[in-house]
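One structure is given here, and the rest of the page talks about it.
The values are calculated or read from the model by the stated rules, or taken from the named source; none is laboratory data. Fair warning: this is a prediction, and the values are worked out from it, not measured in the lab. Counting neighbours? That spans all protein chains shown, and the Cβs are built from the backbone with ideal geometry, glycine included. Accessible surface is based on the protein model in full, side chains and every heavy atom, while ligands, DNA and RNA are left aside. Shrake-Rupley method; radii C 1.70, N 1.55, O 1.52, S 1.80 Å.
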Amino acid sequence: DGEAMSSEDKIKVAAGFIMKAPPGEVKDVVKDARVLVAEDALFDARLPAILKEYNEQHLVVATGDGAKVVLCKAGAVEGGKYIDPAAMRLVTVDHATASITASEELAESQRDPKVEEVRAAAQEALGRYAAGALAGGCAAVHGTADADGSITLSLAISGVKLNSRNFWNGAWRSFWKVTVPPKGGKGELSGTIVAMVHYFEDGNVRMEAKRDHSAPLAASDGAALAEAIADGVRAAEAQHQAWIEESYTTMSDTAFKNLRRKMPITQTKFQWGKVAAYSLASELKGK
C-alpha cells in the first residue's frame, strides 16, 4: 500500500488542476478539486490565493461597476486591489467570480508623470485594437520609469469566447514588454501569445498554442510610439493565428500520421478494391 497523501500535497495537486482549467470552466474544476482535497476548511483558506494566481496568469478580465480590467501582476497593488489603466482608478476584485466589487480614485502618488504620456497613448491604441480584434477584448498598459531614464511598459491583452452550450470554450491572451530608451532611442517589443481552446463534446480535447515574438519599434515617443506598439502587436498576433492555421493544415500529414499504424497487425496491406467481395463473403458466412 502506498503512503497516504498529506493535506498539503492534496492542495498542491488541486492547485495544479485549477491552474490548468480551461477558460470559463474554473468553477467546475474548483468543485471537483474540493472533492479531491476533502478538507473544506483548508481548501477554502487556500482557494483565494490560488484563484488570484489563476486570474493573473490567464489574464482574466474582471467586470463590474461599469469597468473592465485585465487582471495582471503589473496592475496589482497592495490590499489586493488593481489599477484600472483605462480610467486610472483603483478597483477591488472578487477573484472567485472575477467581478469588480468596488472602485475608488487613484492617488496622485500612484501616478508617475514621467511615464503617463507614453502609457496613456499606448493604452488608448491597444484598447482600440483589443476591442476590435478579440471577442470581449480588453487591454491594460502599465508603466514604470527606470533609473537610467528609460521607460518600461507592461502590456496585457485578453479576449474570451465561451460556448459551453455547444461544448467548446476559447481564450486568447498575450503579454508584452516594451522598453523605451531615453533621449529618443528606438524601443523594442517582446512578448508571448497564447491561444487556448477546449472542446468537450463526446470527448475532451484541449489545444494550447504558445509562442514568443519580438520586433523593433519604428518610433520612439508620443502617439507615434503608441501606434507603432499597436501595429507590432497586431502583426505578431496575425502571424500567430496564421501559424496555428498552417499547423492544422499540415497536422494530418505529420503528427496524426505518426499516430496511425503504418501496416495492419497482419503486416499486409488491405485490398480496398476487393472490399465489396469481403463484405459479401462476410454476409454469406453469417448465413
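May I ask you to give the percent of accessible area on region 86-220 that is carbon plus sulfur, with a probe radius of 1.4 Å? Please report the intermediate quantities before stating the final value.
Values: 3580 of 6890 Å².
Of all accessible area on region 86-220, carbon and sulfur atoms account for 52 percent.
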Contact order normalised by length for region 38-136, with contacts defined as Cα pairs under 8 Å and 6 or more residues apart; what percent is it?
19
Give me the one-decimal nm value for the distance between modelled label points at ARG211 and TYR248, 7 Å along each residue's Cα-to-Cβ direction.
1.4
The chain, helix-only ellipticity at 222 nm - DSSP H runs n ≥ 4, -39,500 (n - 2.57), divided by all residues, nearest 500:
-13000 deg cm²/dmol
In whole percent, and with a 1.4 Å probe on the protein chains, what portion of the accessible area of region 1-70 is carbon and sulfur?
55
Would you pull out the residues with amide H under 5 Å of ARG211's amide H, same chain only if 5 or more places away, H placed 1.01 Å from N?
ILE193
Quick one, which of [x] 1.45; [y] 1.32; [z] 1.12 is the actual Cα Rg over 2.2 N^0.38 Å calculated for this model?
[y]
Ordering MET5, MET196 by accessible area with a probe of 1.4 Å, largest first, what comes out?
MET5, MET196
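Ordering LEU217, LEU162 by how much accessible area each has at a 1.4 Å probe, largest first, what is the list? Working shown, then result.
On the way: LEU217 10, LEU162 100 Å².
The ranking, largest first, comes out as LEU162, LEU217.
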In Å², and per residue, what accessible area does the chain have when probed at 1.4 Å with the other protein chains present?
59
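Name the shape class, rounded, prolate or oblate, that the alpha-carbon gyration tensor gives for region 1-137, where a ≥ b ≥ c are the square roots of its eigenvalues, rounded holds for a/c under 1.5, and otherwise prolate holds if a/b is larger than b/c and oblate otherwise.
Details: a/c = 2.76, a/b = 2.13, b/c = 1.29.
It is prolate, given that a/c is not under 1.5 and a/b is the larger ratio.
Going down the list LYS52/LYS183; LYS10/LYS52; LYS10/LYS68; LYS12/LYS81; LYS161/LYS186, which pairs span over 30 Å between their C-alpha atoms?
Violating the 30 Å Cα-Cα cut-off are LYS52/LYS183; LYS10/LYS68; LYS161/LYS186.
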Below 8 Å between Cα atoms, with a sequence gap of 6+, how large is the relative contact order for the chain in percent?
11
Treating only the Cβ of Lys, Arg, Asp and Glu as charged (+1, +1, -1, -1), what charge dipole size does the chain show about its Cα centre? Round to the nearest 20 debye.
1660
Which of the aspartates and glutamates could be linked to LYS73 by a straight reach, that is with a Cα gap under 12 Å, when you skip same-chain ones fewer than 8 residues away?
GLU53, GLU56
